[in-house]
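The values are calculated or read from the model by the stated rules, or taken from the named source; none is laboratory data. As the structure is a prediction and not an experimental result, all values here were calculated from the model. So basically every Cβ, Gly included, is an ideal-geometry build from the backbone, and we count neighbours across all protein chains shown. Ligands, DNA and RNA are excluded from the accessible area calculation, which covers all protein heavy atoms including side chains. Shrake-Rupley method; radii C 1.70, N 1.55, O 1.52, S 1.80 Å.
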Amino acid sequence: QVQLVESGGGLAQAGDSLRLSCATSGFIFSTYNMGWFRQAPGKEREFVATFTWSAVDTYADSVKGRFTISRDNTKSTVYLQMNSLKPEDTAIYYCVATQNAGSRWLNDYVYWGQGTQVTVSS
């Protein structure tokens with residue numbers, strides 16, 4: 001039973017910070033590449049960030065310099081530190097896992113969490 005459970009979402013105002021967490025179980029976390037996607041109202045899900053098993057991180061241009069992805073293999077948990085939040089960051093954020101390192105393609109991700117809502121007001 002594979003599980004990815006996001007937490008840490010909520011309400012914020014522009015310029016604030018939030019830290020999302022994704023606790024996982026049911027697969028070999030240390031061998032998987034982890035990431036985050038998001039889906040804003042009326043839009044398709046889009047790539048946010050990835051962190052590979054070998055500690056390589058990549059980001060969408062829209063969040064580069066503001067968001068930081070990290071992972072703790074001892075806790076099988078991946079994080080997304082979100083700084084300098086903007087209203088356009090408002091979305092449901094999904095924790096994802098793939099064996100395809102660094103992929104930005106939604107369909108490469110085989111494990112998905114239920115999502116956590118982030119709402120940023122101006």
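Which of the numbered conditions does residue 100 fail, given that it passes all the others? Conditions: (1) open to solvent by less than 60 Å² (accessible area, probe 1.4 Å); (2) modelled with pLDDT under 95; (3) within 20 Å of residue 3 (Cα to Cα).
(1)
Taking only pairs six or more apart or across chains, which ones have beta-carbon atoms under 9 Å, a first residue in the range 107-122 that is open to solvent by less than 50 Å² (accessible area, probe 1.4 Å), and a second residue that is outside any strand (DSSP E or B) and basic (Lys, Arg)?
Close Cβ pairs satisfying both conditions: 120/86.
Output the residues belonging to the range 34-62 that are open to solvent by less than 30 Å² (accessible area, probe 1.4 Å) and touching a helix residue (DSSP H, G or I) at 6+ places or on another chain (Cβ under 7 Å).
Hit for the range 34-62 is 37, nothing else.
Taking residue 92, is it over 27 Å from residue 122 (Cα atoms) and open to solvent by 30 Å² or more (accessible area, probe 1.4 Å)?
The answer is no for residue 92.
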